[in-house]
Structure formats: C-alpha cells, structure tokens
Amino acid sequence: MMEVEVTREIFGNIPTWLVSSFYVLAFTACGGAAVALVRRSRVRHLARRPAETPAPLPARLTSIVGYLIFHKQLRRDRFAGIAHLLTVYGFTILIIGTSIVFLEHQTPLHFFFGNFYRVASLIIDLGGLVFIAGLLMFLWRRHVRRAEQLLQAWWMASLAWLLLVIAISGFLLEGARIATTLPDFERWSAVGYALALALHTAGFSAQDALAWHRLLWGFHALVCVLFFALIPWPFFAHMVYGAASWAARSRRPLAQLRTPQLTDTAPGAANLQSLDWNDLLHADACTTCGRCNEVCPAAAANKPLRPRAIVLGIREALADFGGVTDRSELPERFDPAALWSCTTCGACNEVCPVGIDVYGKIVELRRARVEQGSIPEQAEAVFEATSSAFNPFGKSNSQRMAWAHGLKPPIAEPDEEIELLYWIGCAGSFDPDGQSVSRAMISILDRLGIRYRILGCRERCTGEPARRMGEEGLFQQCARDNIATLSGHGVKTVLTHCPHCFNTMKNEYPEFGASFSVEHHTQFLARMMAEGRLDGIEGHDRLTYHDPCYLGRGNAETEAPRIVIQAMTDAHVEMPRHGRESFCCGAGGGSLWLDIAGSDRIENIRAREAAGTGAKTVVTGCPFCKVMLEAGRQALPDPGSLAVKDLAEIVAERLPALDGSSS
Amino acid sequence: MTRVAVVVGSGLPLPTDGIPGLPCSDRSALSIAMTRFGDDIEVYGGDGQARCYAHAAGAKSVNAFSDTEIGSFDIALIGRGGCGERGDLTPALLAERHGAALAYDVIDVDQSTEGFLVTRDLGRGARDILRVRDPIVVLIAETAERGPYVSRYRLNAARAKFDDCAIRGESPTPRWEPTTPRVRLGHQASRVSGRATDRINALFGLSESGGNTATIIRGSAEVCARQLLHYLGRNGFIERRPDLEFDPEPETQQGARPEPDRPDRVVADSGEAPARARRRPRRASERAGEKRGPLRVGVDPGSGNPQGEN
C-alpha cells in the first residue's frame, strides 16, 4: 500500500480567479503602503537640523534584534511587555509559516512535506495560539481593565482586533480544510485538527467543509490585504517605525541635552524644519502607550503637561505638513503651561518603549519660546539673575561665601594649579538647605585630610537652569566662562554635591572644551568607604534614599550612595520607585522657580512616598531635592516623623572628629 | 504717520556686584513703542549695550543718543536707563527743547484720535489716564509691563552689528555695590522754580539756588573711604580713633590726590570684622582679574585661605 504523502495542496479548493485577485490586491496594498511610507519618509527629510550621528549600522541591527528578542525595554511594563512579546513572537512565527507556504508554491523548492510538514504545522499552530493570547491580553487591558494611560480612541484597538480576526479566521480556515478529508497526520496541526473534529461532530459534511473553506479563505485573504494596506496608518506604523526609532536612539547619557550650533539659525523647535530627522521619526514611532504620562511627575501632580501629547502634537504638525506649504509655528501648538511644567527628570525617556527623546523635545520647544520672547516672568528673572549676578537665585555673587561662615575652606589663589576642586554650586552657596550640605562636605574633606580648593566668589552658575529652561545662548556663555576659569587653574577633577552641576560639567561641558573629570560627592564618599577611610559611621536609624534624577536616571549612578547608606544602617528601606525608576522631587528644569499649579505638588507626593516606608530619615544626594523634600515634609500630617538630609550631612554627623571624639 | 522716538540705556549697575542689564522701564519703553506703533520707530541708545538690545528686540532704526539730541517726534518714550546720568532731568530737557508735554511714571501709551492716551501709575494701585496732544515726552515707570524677553542668542547676533557693545557676562571684575544718592525732597525742591536743570541741581544740592553749603568731595576711593570713616566717627556710628582722623583740607575740591604713603589698613583692624568692612578697590599695580574681592588681611601665605573670604 502506497503511503499518503504528508503535505497539503496549496491553494487547493481555491479558484484561480480568487487566487489571482488575492495576489493583485495584496501587491496593490503592499505597494500602496510602501509608497505611503516613502512619502512620509520624504516629509521627514524636510527637517533641516542635522541629526545626531547614529550608532554604526551593525550596532543598530544588533540593537533591533536584541530589542525584539528580549523585549527588555517593553517589559518594564510587565503585563504589556509580555502581551507584546507573545504577539510579536506569534506574529513572527505565522509570517515565517506563510513565507514557507509561499516558497513551496511559487519556487521550484519542495520541502513542505513529511516530518518537516508535521513539525512546521505544529509550530505554526502554537505560534497562532501565542499570537491570540497576546492579542487577548492587550484587548483585556484596554476594554476590561481600562488602563488609564491608554489613549481612549476607538481606532486604538483596531490593530489588535484586526490581527485577532486574521488569527481566528486562519484557524477556522485550517479547520475547514482538514475537515474535508480529516487525514491522521494533520493531528500535528493541533488547533486546526481540533476545529475539524468539532466541525465533523457538528455534522459538517465534506462538501460543507469545502464551501466554508473557500468562503473563509476569501475572508482571511481580504483581512490580510486590509492589514497590509493599513500599515502606514499612525498606530499601525509603529511596527515599522518603533524598531527603527529604537535603533536610532541617542547614545547620549539620558540627562545630557543636545547642543545646537548657535550660528545663523536660532536654537529651538520653532517649526518642523528646525527639528531633526530623528525627532520626526519619533513622532511617527509613538505607540501612544502612555507610559510617559504614567511616570511623569508633572502629570502625577495634575499639572497641564502630558508628555505623550507633546509627541503626538508633533505628529499632528507633521500630518498638517503634508502639503509642505504649512510652516506653522510649532510652539503655538502647545499649551505654554504644559511646556513649563516639565521637570526634565527624563522619566519619560527612560520608559519609552521605542526610545523617544520626549523631554529633549520639550526643551527644544522651550528654546523656541525663549527666542520668541514669550516666557514666564519667573524664567526671565532666572535668566536675568544668571546673566547679571551669575547665579539663578539673584543674590549678589559677593555673598557666595556666606555659607562658609566660621569655616576656613581653602580658596584657590589666582593661577594656582588645582588637583581637586570642590564645586559648591549655587544651591550650595545661597540656599540654606544647600548651604548645610556644603558645610558638611567641607567638614568631611577636612577630617579626611583631602587636599582641595574652592573657587570662592569666582564660582559662577554652570548655566544648567538656564539651559533646561531654554536659554541656550546664556548657557553657552556660562559654560565658556566657567571652563576658562577652571582651565586657568588647570583643574584635574571637580568634586560637586549637586547632580545638576555634575551632569552639566561631566556631560555637557566637554562639548565646549572642558577636559577635567567630574565626581559626585556620593561617588567620592563611596570611594572613601572602599578605601576604609569612613569607618565608624554605622548605627544610623531607618533610612530611605531618594535618587536624584540627574544622578540616578540621568547618569546611572544608583550604587554609590547605597554603598554608603548600607554601611551606615542595616535598616535601609527602598521607596516603591527608586533607582532609575525614581520619582522626581519637582525641582528640575527650572521648576524650583517656575511653579505651575496642579491639583497636588510633586514634592508632596514624593514626601508621602518616603514617609510611607516608615523611615525616619530620607536621604538624598542633591541640594535641589533636599529643598523640595523638605517642603514636602512640611505638608505631611506629621512633619516631625521624617527628617530630610543629604548623604554628606549624615556622614559628617557620624564621622569622628579630628581630635578623635565623636562629632 | 506718528513719529516715535524711544530712548533707552543700560543705566546704573544693578545693586549687586554683577553685570548691569537694561532696566525694566527701558525694555518696557521699547516694547510699548513696538507694540503700539510698529517697529518703524527711531530708537536712541545711550550706550552700546542698549543699542544692541534695541536691535535684538527688532527695532529697525537704532541711533546713538548723546547730549539729549534726538530728531523731531510726536511721542518720545524714555526708559530709566535712557535718562543716563542726568536722571529725571533728561526727559525734562527733551520736553523743554521740543516744546513737548511731559509725563512721568507712565505705564502705558496708546494713540487716540486727538493725540495720545497716557496711563500713569500713581502708586498703591491708582492710575490716571491723560489725553495729551503731541508732541509729548513720557518717562516709562519701572512698574510698566515688561516686554518680550530678548534671548542671549539674539543679543549676540545684534552685537555683530555694533562694535561698541560691552560683552555681557565677560566682565572679569565684580563691581562694588553702587551708592545711590538720597534725593532731597520737600521744601528744598519746592523752593526752586525755573529751568529743569536748576530744579534737578537743587534737588541734589548741587546749585547755589538750592541753598546747600556743603562741600563737594572729589577724590579717589581711598579718600572717599576716609571721609566716610571720618563722618561715621564724628557722628558716633563707630569709635573715633586718632589714626583714622581725616584732614579734609588737601582732599576737598578738584585736584585732590590720594596719599600714596598711607597704609592699606585704614579700616577696622580686628580680624573678626565682617568681610565687607575689609573690602577695598583694586590697586593700579594689580592685574585685572587678580586679587579681586575683599581685602586680604592677615593672610597666612602658606594656607591660601584668606580670612576675608570666610
């Protein structure tokens, strides 16, 4: 007896006209989609500003493959990440299965039979199941759980529904095909065989199955064509642009801003042409998942900012730009209060599944506002103060050493070579909360016998607040002046307790010629700890640590402060949001001065979170955070239950005095 | 077509040791003029920085302003900085020269069919609106609404056109805190009438008609410091010390010279005195950017830690 060939007839039972129609429609849909994508790409090329140099091609390809295989970035939202992973894995398997069928049918290759057929059928069916599971998770999240961060538009669920229809119709089609003869080897097509058995049990004859098979094939082909045609549509396009955006993401540290060349073109995103290619790609790549909104401190305090709206606003502008003649101003598309609510904490960038630089765009829009001259009064006051008094607080710079009353920090002589410069910063010089940190650091440095110098009244603002608020010209002036001062002393290392100064001097000043290394005081203290020079500081009460955005998230330094804290206490508790996922204190991006009203206050939210850990002290590594947390502490029902201190302060408190007695 | 002149200047340094900026009223004057009358206005800048600012703010015609000479106008808006060293006298002189009406403390100006509507700030929230025929000179108040911010990028771009701009942000020397003369109001001012110059001089006690018989001190910073100590000691604000006694004879009137052989330590000798008391101006022998800030008294040469900085 001759063995039945283990395979199936491709396009069996399907009339030629239907197959031909399918191919015509499929090629038309794919061609149309390709044309639409290319046209969109050409619009993006109208962006005039040169894009940042991307990573080398192999690195980008590796990045895409790693991104799709491991889904690490997407899994930051566990449920959505797993749903997406199942969907992508299932979809990929089904696409590979369809490609196998296409190769078998349209090429001289003949391999789709026997054991390969059996295994391939099983894998494709399992892939289909995984695919459906992922889609159902998405739909459950949207329609049943009603996740708040999702964009509530009817078309947002259309992709999931369309793919679900494709997957289910594919299984039904397979079931109808198997039901016609019900061969035993089709048991490997587990789902199809089960459906065929069900149809058989329900009384479907072979003729009925053939008729249903033809009908389902036509329907399945039609929805597949529709899917191909809709790929360039905004939400669907993330399948193309999302991975591209991730691969082309910036290699800068998260807290480092792009430096525009202040030549003939004014800085800022005044219109679409003043953005770069990547910015416009980001606008298309946005999946509208809302993770940026979810982590945004301004949104949490119910301020007007929703980071996703910024990206989608640019997408809208891009859509309006289709006619090329529309050169409408970009900043006018956004509520100024929304733009000035951003704390530039970078949480949106950190969680974005497709690597969109959200807060970078907000700063670009702020820059455009500054060039237009339409800025809040407080911002203008900060610019004026930075410009005229060299500090954003507007205090006389001759008062810069007021914090050191009673201390004798060594001030650098003119032209003195400096190995280690302790950079106090404006908050450390003028703000009472920051001044206590400066004093603690001086105390530590002196007790450890570190040779260092400070600049005294010659220190000036790094320009960081001005830059985050959009005054790029002023920042660049500050940067050049400071670099000239530091270069004049041949400074080798700058030590600072301000993460904002740290980030600016470490990441942004090198673009203006700075060549010194920069160390944050938490890193310095951890180093001293490793060298055994901070022994005897243990025994502190229950502590929790607040990661400053510009240190933890912006510069990936989350370990050093914890090394010191863990040496001080066994009762170190973490807040729910910590490390790179930390929640902002509300001071960054000039928000210490710009107070945009919300229904809550960012610092109060964070202080409540800190108090919720049961810690008696919340420790931080930033004078701005200290100011804000102190304000948040005052709003607690029991302000006395929580103390706010800088890491340097608690170390200085426990460090034995120079004479050997405990301080 | 309304002929509009705007006079701006960077004015006195800020009451800090920073770099002076354009006063608020000058910005407002420019902003009001451009908002109400368009950018086809004549701007007169008392110094390079003011001209740069005006150009960066969008003014098309920017001229130098000296000795209160400006072209004919229907309305002239003057900022505090634009008044220059003459102060309130400047708008008065302009008004006198051009036979124009004069209004102080103006916070807004608008055009009407019969001339201009001038809104003045009367203080404590009160204001009045005057209907004035041209020509008119208005001094814009510091409380007027600020104009749009002019970015550093635009200022730098404007600097390319004006060579005489002081480059802001590059001043190597912190400034000393300026002393503001206290204006004598009341009976002294009301006694005087006549020309605006006389009135202003009388106000500051600089004219014979003002009845002020005090001696005008002209001299170096050291001479002035000695005079101040002398004054403080004589009036019981500080303890009088023989070595700080001041001989006004050789230092009064023009041509007085500082005494080179006098020691630096003319101020209090206590090491615990506040830093401000030990400040001194930079000596001619010191290079720019060197030994700035407070006087370094009792410095330990090896420590590099002058007490004055603490």
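When A:272, A:262, A:305, A:280 are screened for being more than 20 Å from the chain's Cα centre (by Cα) and surrounded by 21 or more Cβ atoms within 10 Å (Cβ to Cβ), only A:272 passes. Among all positions in region A:494-501, there is at least one residue which is of a type outside the set (S, T, N, Q), surrounded by fewer than 24 Cβ atoms within 10 Å (Cβ to Cβ) and within 26 Å of residue A:460 (Cα to Cα). Residues in region A:563-585 that are in a loop (DSSP other than H, G, I, E, B) and open to solvent by less than 30 Å² (accessible area, probe 1.4 Å): how many? Counting residues in region A:563-585 that are in a loop (DSSP other than H, G, I, E, B) and open to solvent by less than 30 Å² (accessible area, probe 1.4 Å) gives 6. Specify which of the listed residues (A:632, A:588) is open to solvent by less than 10 Å² (accessible area, probe 1.4 Å) and in a helix (DSSP H, G or I). Among A:632, A:588, only A:632 is open to solvent by less than 10 Å² (accessible area, probe 1.4 Å) and in a helix (DSSP H, G or I).
Rundown of residues vs (1) at pLDDT 90 or above; (2) under 23 Å from residue A:13 (Cα atoms), yes/no style:
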site	(1), (2)
A:108	yes, yes
A:118	yes, yes
A:133	yes, no
A:142	yes, no
A:151	no, no
A:163	yes, no
A:172	yes, yes
A:186	yes, yes
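All of (1) under 27 Å from the mean Cα position of the chain (by Cα); (2) open to solvent by 10 Å² or more (accessible area, probe 1.4 Å) hold for residue A:347 with one exception: (2).
Considering each residue of region A:504-514 in turn, at least one proves to be surrounded by fewer than 19 Cβ atoms within 10 Å (Cβ to Cβ), over 23 Å from residue A:347 (Cα atoms) and charged (D, E, K, R). Considering only residues of region A:378-405 that are surrounded by fewer than 18 Cβ atoms within 10 Å (Cβ to Cβ) and more than 7 Å from every other protein chain (Cβ to nearest Cβ), which is farthest from residue A:468 (Cα to Cα)? For region A:378-405, the residue satisfying everything is A:402. Can you pull out every residue in region A:139-177 that is in contact with a Ser or Thr (Cβ under 7 Å, 6 or more places away or on another chain) and either under 30 Å from residue A:348 (Cα atoms) or basic (Lys, Arg) (or both)? Correct list: A:151, A:156.
When region B:118-150 is limited to residues that are open to solvent by less than 30 Å² (accessible area, probe 1.4 Å) and over 23 Å from the mean Cα position of the chain (by Cα), the one that is farthest from the other protein chains (Cβ to nearest Cβ) turns out to be B:132. Check region A:600-616 and report whether any residue there is open to solvent by 30 Å² or more (accessible area, probe 1.4 Å), closer than 23 Å to residue A:304 by Cβ and among the β-branched types (Val, Ile, Thr). No, every residue in region A:600-616 fails to be open to solvent by 30 Å² or more (accessible area, probe 1.4 Å), closer than 23 Å to residue A:304 by Cβ and among the β-branched types (Val, Ile, Thr). Just one of the numbered conditions (1) within 20 Å of the chain's Cα centre (by Cα); (2) not in a loop (DSSP other than H, G, I, E, B) is not true of residue A:549: (2). For region A:47-92, give me each residue that is open to solvent by 40 Å² or more (accessible area, probe 1.4 Å) and assigned to a loop (DSSP other than H, G, I, E, B). Selection gives A:48, A:50, A:51, A:52, A:53, A:54, A:56, A:72.
Residue by residue, here is whether (1) open to solvent by less than 20 Å² (accessible area, probe 1.4 Å); (2) small (Gly, Ala, Ser); (3) at pLDDT 90 or above holds:
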site: B:6; (1), (2), (3): yes, no, yes
site: B:12; (1), (2), (3): no, no, no
site: B:20; (1), (2), (3): yes, no, no
site: B:23; (1), (2), (3): no, no, no
site: B:48; (1), (2), (3): yes, yes, no
site: B:65; (1), (2), (3): no, no, no
site: B:77; (1), (2), (3): yes, no, yes
site: B:86; (1), (2), (3): no, no, no
site: B:104; (1), (2), (3): no, no, yes
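Just to be sure before I move on: is residue A:86 modelled with pLDDT of 95 or more and farther than 26 Å from residue A:306 by Cα in the structure I sent? When the stated conditions are applied, residue A:86 passes them. The single condition among (1) open to solvent by 20 Å² or more (accessible area, probe 1.4 Å); (2) under 24 Å from residue A:505 (Cα atoms); (3) not acidic (Asp, Glu) that residue A:363 does not satisfy is (1).
Cβ-Cβ contacts under 7 Å between residues 6 or more apart (or on different chains), taken from a first residue in region A:98-116 that is of a type in the set (Val, Ile, Thr) and part of a loop (DSSP other than H, G, I, E, B) to a second residue that is modelled with pLDDT of 90 or more and surrounded by 14 or more Cβ atoms within 10 Å (Cβ to Cβ), are absent. Of the candidates B:128, B:74, the single residue that is of a type in the set (Asp, Glu) and touching a residue at least 12 places away in the same chain (Cβ under 8 Å) is B:74. Could you tell me whether residue A:315 is more than 21 Å from residue A:478 (Cβ to Cβ), of a type in the set (Lys, Arg), touching a helix residue (DSSP H, G or I) at 6+ places or on another chain (Cβ under 9 Å) and open to solvent by 40 Å² or more (accessible area, probe 1.4 Å)? In short, no.
Looking only at residues in region A:388-407 that are of a type in the set (A, V, I, L, M, F, W, C) and part of a loop (DSSP other than H, G, I, E, B), which one is nearest to residue A:446 (Cα to Cα)?
Residue satisfying both the conditions and the ranking: A:407.
For first residues located in region A:353-375 and at the interface with chain B (Cβ under 9 Å from one of its Cβ atoms), partners that are charged (D, E, K, R) and in a helix (DSSP H, G or I) and lie 6+ apart or on another chain with Cβ distances below 6 Å form the pairs A:367/A:472; A:375/A:369. Looking only at residues of region A:443-456 that are free of Cβ contacts under 8 Å to residues at least 60 places away in the same chain and over 16 Å from residue A:493 (Cα atoms), we find that the one that is surrounded by the most Cβ atoms within 10 Å (Cβ to Cβ) is A:456. Answer yes or no as to whether residue A:438 is touching a residue at least 24 places away in the same chain (Cβ under 8 Å) and open to solvent by 10 Å² or more (accessible area, probe 1.4 Å). Against the criterion (touching a residue at least 24 places away in the same chain (Cβ under 8 Å) and open to solvent by 10 Å² or more (accessible area, probe 1.4 Å)), residue A:438 does not qualify.
The values are calculated or read from the model by the stated rules, or taken from the named source; none is laboratory data. Keep in mind the model is a prediction, meaning the values are calculated, not measured. Note: ideal-geometry Cβ built from the backbone for every residue, glycine included; neighbour counts use all protein chains shown. Ligands, DNA and RNA are stripped out before the accessible areas are found, and what is left, the full protein with its side chains, is counted by its heavy atoms. Shrake-Rupley method; radii C 1.70, N 1.55, O 1.52, S 1.80 Å.
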